[in-house]
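Some notes on the structure that comes next.
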Amino acid sequence: MILKRRPSEPSDGFDVPLLVPILGAIVCALLIGVRVQAAFIDPKPGAAVAPLIALAIFALSFVLYRLMKYGKRDPESLKLNCWERAEWRAVPGSEGGASRSQS
């Protein structure tokens, strides 16, 4: 819905009415709600396993999203640069190859 209302979104070509994604979101929410309610009302053992797995996946995704969003740094600071971490120089007697020596 947000993408459809974006001013830079091209309006030519196939255009779905705004009602379609809204109804799709409502149907998905109802299906999830019915499944979760049935899992916790059902007396069979293990009936709540699937919703709990889905909840765990959602929680992990949410935590990772927050870490990535608020933990953003300068892309240059995230690069692993071996030239700054160790001194590289040619070893005497080698055939032009470089080897790593710790200082």
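Only the coordinates and a few stated rules stand behind these numbers; no lab work does. Quick caveat, the model's predicted, so the values are computed rather than measured. For neighbour counting, all protein chains shown are included, and Cβ atoms are generated from backbone atoms with ideal geometry for every residue, glycine included.
Within the stretch 1-55, the trypsin sites (Lys or Arg not before Pro) that combine a DSSP coil assignment with at most 10 other C-beta atoms in a 10 angstrom radius are Arg5. The length gained by stretching the chain between Ala56 and Val27 to full extension, at 0.36 nm per residue less their Cα-Cα distance, is 8.2 nm.
The chymotrypsin sites (Phe, Trp or Tyr not before Pro) of the stretch 1-61 that DSSP puts in a loop, and whose beta carbon has at most 15 other beta carbons within 10 Å, are Phe14.
Computed from backbone phi, the HN-Hα couplings of the stretch 2-16 come to 5, 5, 5, 8, 5, x, 7, 5, x, 9, 7, x, 6, 10, 7 Hz, rounded to whole numbers (Karplus: 6.51 cos²θ - 1.76 cosθ + 1.60, θ = phi - 60°; Gly and Pro given as x).
Couplings for the stretch 24-31, taken from phi via the Karplus curve 6.51 cos²θ - 1.76 cosθ + 1.60 with θ = phi - 60°, read x, 5, 5, 4, 4, 5, 5, 5 Hz in order; Gly and Pro are left as x.
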